[in-house]
1. Please pick out the residue among GLY206, GLY236, GLY221, GLY154 that is over 30 Å from LEU20 (Cα atoms) and not polar (S, T, N, Q).
2. State whether the residues of the range 148-157 include one that is over 12 Å from PRO199 (Cβ atoms), surrounded by fewer than 24 Cβ atoms within 10 Å (Cβ to Cβ) and among the charged types (D, E, K, R).
3. From LYS211, LYS223, LYS165, which residue is within 18 Å of the chain's Cα centre (by Cα), loosely packed, with under 15 Cβ neighbours inside 10 Å and of a type in the set (D, E, K, R)?
4. Quick one: in the range 60-70, which of the residues that are under 17 Å from the mean Cα position of the chain (by Cα) and part of a loop (DSSP other than H, G, I, E, B) is surrounded by the fewest Cβ atoms within 10 Å (Cβ to Cβ)?
5. Mind checking which pairs have a first residue in the range 27-41 that is closer than 19 Å to PRO17 by Cα and hydroxyl-bearing (Ser, Thr, Tyr) and a second that is surrounded by fewer than 16 Cβ atoms within 10 Å (Cβ to Cβ) and at pLDDT 95 or above, Cβ under 8 Å, 6 or more apart or different chains?
6. Among the residues of the range 25-44, what is the count of those that are assigned to a loop (DSSP other than H, G, I, E, B) and within 27 Å of LEU153 (Cα to Cα)?
7. Please tell me if GLY138 is under 12 Å from the mean Cα position of the chain (by Cα) and of a type outside the set (A, V, I, L, M, F, W, C).
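The values are calculated or read from the model by the stated rules, or taken from the named source; none is laboratory data. Remember, predicted model here, so these are calculated numbers, not experimental data. Virtual Cβ from ideal backbone geometry, glycine too; neighbours counted across all protein chains shown.
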Amino acid sequence: MQIFGVDIGGSGIKGAPVDLDKGDLAQERYKVLTPQPSTPDAVAYGVKEVVDHFGWTGPVGVTFPGVVTDGTTIRSAANVDKSWVDTDARVLLGDRLGGLPVTVVNDADAAGVAEMNFGAAKGRRGTVILLTFGTGIGSAVFVDGVLVPNTELGHLELHGHEAEKRASSKAREDHELTWEHWAHRVQKYLAHVEMLFSPELFVIGGGVSRKSEKFLHHIEGIKAEIVPAQLQNNAGIVGAAMRAATGM
C-alpha cells in the first residue's frame, strides 16, 4: 500500500509516495525550497508542486512545523510565517490539491511515529523522545509507544535563551560552530530535557542524523541511550503517510 507524504520545513518542502509495508519511500523524494515569506498560500503552492511532480491522485499526509490540533488547525508557527496561526491547513491544502484527501500532523510527531514503527525506536518501551534538529528543534514524546502530541520541546528556555535558537542545526550554521562546539550545546539541551522527562532513549533526527559520526561522540554525561534516526530526514515523510493512512 502506498500513500503520499509531504514534510513542510522552514527551509524546504519535500515529499514522495511511501510504501507503508516497508516504512520507506517508494520513489526518490522531490524537494522545493520553502517560499519566503512562507505564507499559507505560498507554501500550499509548494506542496502542490511536490505532489504534482509525481502525478499523485490519492490521499496525502502533510507535516507542519508547529502545533496541529484535530489534524487540521495550526496553533503555532515558530519557523514559518505567523499568518499560519489559526489556519485550517487541511481545507487550504485540500483545495490547492484539487480536492485530494489531506491529513495534517505536527512534523516531529510524524517523524517520531515513523521511528517508533520502522526505525531506531521500534519495539522500545518506557519513555522515548525523538528530537529533530533543523531550522528549529522539534520533539515527539512517547510513553510505552503512545504519543504525547505537540510537545514542542525546542521552545524550552535554556540558559536564558529559547533552546532552538542555541542548539538547532540552523544555529550551528548561523554561528559557524564546529561540530564539537555545537555538540556541547546539544548536550546541555539534552541534559535539561532528561532532567524533566527521564527518558530511556533519545532519537536524534533531522538532517544532522546523516552526520551523527561528527557529533554524537562529543555528547557526554547523558544517562539515556542516544541514537541517530534510522529513517534520517525521510522520517517525516513516512510518518505523514502513516497518519493519512491510519489516523496514527
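1. The conditions single out GLY221.
2. Looking for residues that are over 12 Å from PRO199 (Cβ atoms), surrounded by fewer than 24 Cβ atoms within 10 Å (Cβ to Cβ) and among the charged types (D, E, K, R), one finds at least one in the range 148-157, hence yes.
3. Just one listed residue meets the conditions, LYS211.
4. Restricting attention to the range 60-70, the residues satisfying the condition of being under 17 Å from the mean Cα position of the chain (by Cα) are 60-69.
From what's left, part of a loop (DSSP other than H, G, I, E, B): 65-67.
Details: PRO65: 29, GLY66: 23, VAL67: 18.
So, considering only residues that are under 17 Å from the mean Cα position of the chain (by Cα) and part of a loop (DSSP other than H, G, I, E, B), the one surrounded by the fewest Cβ atoms within 10 Å (Cβ to Cβ) is VAL67.
5. TYR30/HIS53; TYR30/PHE54
6. The number of residues fulfilling the criteria is 6.
7. On the way: under 12 Å from the mean Cα position of the chain (by Cα): yes; of a type outside the set (A, V, I, L, M, F, W, C): yes.
Against the criterion (under 12 Å from the mean Cα position of the chain (by Cα) and of a type outside the set (A, V, I, L, M, F, W, C)), GLY138 qualifies.
Conditions (1) in contact with a Ser or Thr (Cβ under 8 Å, 6 or more places away or on another chain); (2) modelled with pLDDT of 95 or more; (3) outside any strand (DSSP E or B), marked per residue:
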residue: ASP7; (1), (2), (3): yes, yes, no
residue: LYS14; (1), (2), (3): no, yes, no
residue: VAL18; (1), (2), (3): no, yes, no
residue: ASP21; (1), (2), (3): no, yes, yes
residue: GLY46; (1), (2), (3): yes, yes, yes
residue: THR57; (1), (2), (3): no, yes, yes
